[in-house]
Structure formats: C-alpha cells, structure tokens
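Notes to accompany the following structure.
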Amino acid sequence: MKYPQFKGFPRISRLRGRQLACLGAGLAMGLASRAVSAGSLAPGNMLARNPKGQGQAAYALTVEGLGDEAVFLDVILEEQAYTEAEAGAVYEKILEELPLHILGENVSLQDVHTDLNLLSGLDEYGVDFQWRSENPDLVDSFGTVNTENLGPEGEETALRLRITDGNWPKEFVIPIRVKPPLLGEQEKMEETFLEFVQAEEARQRTEAYFRLPDAFEGNTLVYGEAVSDSFLPLAFLGILGALLVGLKEQKDREKVEADRKRQLLLDYSEVLSRLIIFLGAGMSIRTAWDRIGEDYQRARREGRMPYRHAYEEMCTAASQMKTGIPEGRAFAEFGRRCGLPQYIKLGGLLEQNRKNGSKNLRDVLKLEMADAFELRKHQARRLGEEAGTKLLVPLFMLLSVVMIMIAVPALMGL
C-alpha cells in the first residue's frame with residue numbers, strides 16, 4: 001500500500017505511520033480522561049453523589065497541605081439517601097407498580113392460581129423487600145402457593161411487605177385471594193364427573209354393590225379395570241437378571257482360573273526345587289515325584305498346607321502311574337492339565353528323560369529353577385502393584401473425608 005505524499009512533507013513509512021497512530025490514540029484517551037477527571041470536582045470542593053439505586057461513586061483526588069508534597073486519595077461516596085418524605089413517596093410508587101413485578105402468571109392479586117414472584121428488592125429504587133405471610137400453609141414467604149382443598153371461591157389471606165432503603169423501613173399489608181388452579185375443558189369434565197360419582201356413591205351407600213352410572217351429560221359410558229401393564233418391564237428385568245447372572249458366573253470362572261494360574265506360577269519354583277533336592281539325594285524321578293505328593297497329602301491332613309493346584313496335579317499323576325499308565329504319558333498329561341507353558345515344558349523334560357535317559361536332567365532343572373525364581377519375583381512384584389492400586393480408592397475416600405472435615409467448618413465460619 002502506498003501512502004500519499006504531500007508537498008513539503010517527506011514520505012511516511014508504514015511502520016512510522018502505525019507508531020504515530022498509536023501515539024495519537026494514547027494522547028486522545030489521556031486528554032479525554034483528564035477532561036472527565038477535571039469535571040469531577042465542582043467549585044467549592046463539591047463532589048457529586050450518585051442518585052439512589054446507582055451505587056457508590058469513586059473519585060481519585062490530590063490533596064495539598066497535608067505535608068510537603070501532594071497526597072493522592074481515593075474517596076468513595078455512598079449513593080444519595082432518601083429523606084423520610086422522599087422514602088414515603090418512593091414506597092407508595094413502588095406499591096402501585098408492585099403487582100406488575102410479583103404476579104408471575106396470575107392476572108391479579110385477587111385471582112392467584114399459581115406461584116407469585118416475590119422479589120427481594122428493586123435496584124432501580126435502591127430498596128430491599130422482606131416478605132411474611134399471614135397464612136404460610138396457603139402461600140409462604142417465597143411466593144409458593146398451595147391450592148389443595150380450596151373451594152371454587154378460593155381463600156383470602158395477606159402478605160406483609162417490609163420495604164427499607166436502609167434508613168426508613170415501613171411495613172405494608174397486601175391482600176390476596178388464592179383460588180384453585182385453572183382447569184381445561186377435559187379436566188373440568190373429569191372433575192364434574194368425579195363429583196357426580198361421589199354423590200351417587202353416597203346415595204347408594206346402603207347397597208351391597210355400587211352401580212356406576214351408565215351415562216353422563218348425554219354420553220354413554222363404558223367402564224373397564226385400569227390394570228397396570230407391568231409385563232414388559234418385569235420381563236425385561238427377568239432377561240436382564242438372566243444376563244447378569246450369566247455374566248457373573250463367567251466372571252467368577254475367570255477369577256477362579258486366574259487365581260489358579262497365579263498359584264501355579266508361584267508354586268513352580270518350589271516344585272522344581274524339591275525335585276532337584278530329591279534327585280540330588282539319589283532318588284529316581286518316579287520316587288521323588290511320589291515323595292513330593294505324599295508329603296503334600298500328609299501336610300494337608302495335618303492342616304499345615306492349604307489346597308495347592310500344582311501338588312494336586314502331581315498327586316493325580318502319581319495315582320495314574322500307580323494304575324499302570326506309563327510315566328512319560330502321566331508327566332505329559334500333568335503339564336497339559338496345568339495348562340501353563342512352564343509346566344508343559346517340565347512335563348516334556350520329564351517325558352524326554354524317561355524316553356532318552358538323559359543324565360543331565362538335574363542341571364537342566366537347575367536352569368529352569370533359576371528362570372522360575374525370576375518369574376516368581378516378577379509375579380510377586382506385580383501382585384504388590386495390584387494391591388497398591390486397589391488401596392488407592394479407600395485412600396482417596398479417606399482423603400476426601402479429611403478434606404470435608406477441614407473445609408466444612410472453615411466455610412461455615414465465613
């Protein structure tokens with residue numbers, strides 16, 4: 001964009017033009033602010049108050065004579081207060097306008113069918129309201145209307161209104177009439193018919209049966225029992241319950257299986273350790289296997305050991321071998337029943353040892369046991385992390401309780 005060049009003036013660059021525009025705007029705003037401030041202090045050291053309802057007026061002044069230098073002061077003036085006569089005139093004006101503010105959806109204060117909108121004050125006049133009902137059961141101090149058990153003509157009551165500007169309080173009585181809620185044509189017909197039925201019931205009270213009217217206002221009536229159709233909701237609840245029961249059983253099975261696998265992993269290193277010890281003592285695989293199973297069963301009978309899946313499967317394999325099943329097959333089935341790669345590998349090693357007569361089985365089991373101990377440490381660490389995670393919820397709940405105990409008294413003291 002090219003800027004115009006005037007005769008006798010050099011060309012103004014774009015940056016210099018923007019700088020001059022900012023400088024000019026700042027000077028203009030400063031002069032306007034000084035003009036406004038200069039008009040605040042009227043002759044005779046007079047400061048103007050805001051009219052009633054417009055709030056405080058703030059002035060920034062300098063005062064000379066309090067010391068060697070001028071002192072800067074911020075002076076706050078409250079809004080202008082009413083005299084007693086002015087307050088009375090304002091209150092009367094408010095009473096004339098009040099129905100427009102508090103009627104809500106009602107037509108007049110003598111025809112109140114719904115809740116009133118009882119204001120807490122009128123800011124334009126700078127006054128506050130306090131309401132009190134002479135019949136709180138009919139209409140309370142918040143304007144809530146109770147239309148139950150009202151006759152067609154309604155019921156009269158009054159609201160007491162205390163108006164104050166802070167200096168001149170005055171109380172007024174405002175009469176109102178509360179009437180039943182307005183009904184539509186259908187509602188009116190239903191109410192009229194119900195009254196007719198009640199009158200018929202009173203007339204036939206000596207009869208063993210009450211005969212419902214066959215017609216009303218020229219209309220033939222047909223009656224039927226109002227039965228609540230709860231079949232679909234109840235059927236839905238039944239289906240939902242069946243699904244939830246199935247899901248719960250599935251979750252329970254998954255939990256049992258997860259606990260079983262966790263226990264098998266934790267016991268794997270111990271099983272290997274005991275096998276290595278017995279093999280080192282000169283026992284054969286079959287003898288060591290039977291010995292481990294017998295020790296477990298004895299400890300179970302004496303109550304020194306809980307139910308352990310790994311040892312139960314070892315006892316099952318020992319029973320199979322006693323019934324004539326080949327050792328290699330029993331060891332392989334042991335690994336498959338446990339279902340974990342570690343046990344499947346162990347069963348394969350034992351089966352291979354039976355077939356090939358491996359002489360270094362003990363060394364292989366030692367290497368496997370080292371890996372098993374590392375796996376057990378990892379498993380124990382993971383279980384500890386899971387337990388710590390589960391503790392976070394109660395810890396946060398306790399922290400919330402403590403924060404509430406601290407915050408509530410502090411807030412109540414404000």
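The numbers here are math on the coordinates, done by the rules we state, and not lab data. Values in this document were obtained by computation on a predicted structure and should not be read as measured data. Ideal geometry is used to build each Cβ from the backbone, glycine not excepted, and the neighbour counts take in all protein chains shown.
Working from label points 7 Å from Cα in the Cα-to-Cβ sense, the GLU153 to LYS261 distance is 8.4 nm.
Kindly provide the GluC sites (Glu not before Pro) of segment 260-347 that DSSP labels as loop, not H, G, I, E or B, and whose Cβ sees at most 12 other Cβ atoms within 10 Å.
Working: sites: GLU270, GLU294, GLU302, GLU312, GLU313, GLU327, GLU333; in loops: GLU302.
Those that pass, being in a loop and sparsely packed, are GLU302.
Counting 0.36 nm for each residue step from VAL75 to PHE396 and taking away their Cα separation leaves a gain of 110.5 nm.
Applying the criteria of a DSSP loop state and at most 10 other Cβ atoms within 10 Å to the trypsin sites (Lys or Arg not before Pro) of segment 142-208 yields ARG205. The angle between the Cα long axis of helix 231-280 and the main principal axis of the chain comes to about 40°, on a 0 to 90 degree scale.
Close amide H partners of LYS52, meaning residues 5 or more places away or on another chain with modelled amide H under 5 Å apart, are GLN80. 3J(HN,Hα) along segment 200-213: 5, 5, 5, 5, 9, 5, 7, 8, 6, 10, 9, 8, 5, x Hz, from the Karplus curve 6.51 cos²θ - 1.76 cosθ + 1.60 with θ = phi - 60°, whole Hz, x for Gly and Pro.
With q set to 0.16, 0.22, 0.24 Å⁻¹, the log10 of I(q)/I(0) for segment 97-178, from the Debye formula over equal scatterers at the Cα positions, is -0.58, -1.02, -1.18. If R0 equals 25 Å, the separation of the Cβ atoms of LEU100 and GLU134 corresponds to a calculated FRET efficiency of about 0.65. Summarising the amide proton neighbourhood of ALA158: residues at separation of 5 or more, or on other chains, whose placed amide H is nearer than 5 Å comprise GLU134, ASN135, ILE176. Taking every DSSP beta bridge with both residues inside the chain, roughly what % is antiparallel (nearest 5)? Percentage antiparallel, nearest 5: 95.
Averaging the Cα positions of each part gives two centres, and for segment 108-156 and segment 211-267 these lie 47 Å apart. Applying a DSSP loop filter and a limit of 15 other Cβ atoms within 10 Å to the trypsin sites (Lys or Arg not before Pro) in segment 358-390 leaves LYS359. The simple spin-label model puts a point 7 Å past each Cα toward its Cβ; for LEU20 and MET46 those points are separated by 4.5 nm. The gain in end-to-end length when the VAL364 to ILE174 segment is fully stretched comes to 58.2 nm, 0.36 nm per residue minus the alpha carbon separation. Counting pairs of alpha carbon atoms under 8 Å apart in space and at least six apart in sequence, what relative contact order in percent does the chain give? About 7 percent, as a whole number.
Could you tally the net charge around PHE334, taking each other residue with its Cβ under 11 Å from the Cβ of PHE334, Lys/Arg +1 and Asp/Glu -1? Don't skip to the answer; put the middle values down first.
Values: positive: ARG329, ARG336, ARG337; negative: GLU312, GLU313, GLU327, GLU333, GLU351.
Local charge sum for PHE334: -2.
Sorted largest first, the spans of the alpha carbon positions of segment 252-399 along the three principal axes are 63, 32, 27 Å. For the chain, the ratio of Cα radius of gyration to the globular rule of thumb 2.2 N^0.38 Å stands at 2.18.
Taking the Cβ of GLU195 as the centre, find all other residues whose Cβ is under 15 Å away and add up their charges (Lys, Arg: +1; Asp, Glu: -1). The answer is -4.
Rounded to whole numbers, the Karplus 3J(HN,Hα) couplings from phi for segment 14-29 are 5, 4, 5, x, 5, 4, 5, 5, 5, 5, x, 5, x, 5, 5, 5 Hz, using 6.51 cos²θ - 1.76 cosθ + 1.60 with θ = phi - 60°, and x at Gly and Pro. Distances between placed amide hydrogens fall under 5 Å for PHE216 paired with LEU221, all partners being 5 or more residues away or on another chain. In order along segment 337-353, the Karplus-derived 3J(HN,Hα) couplings, from 6.51 cos²θ - 1.76 cosθ + 1.60 at θ = phi - 60°, round to 5, 5, x, 9, x, 4, 6, 4, 5, 4, x, x, 4, 5, 5, 5, 4 Hz, and Gly and Pro are given as x. For segment 297-350, taking the reciprocal of the average inverse distance between every pair of different Cα atoms yields a Kirkwood hydrodynamic radius of 11.6 Å.
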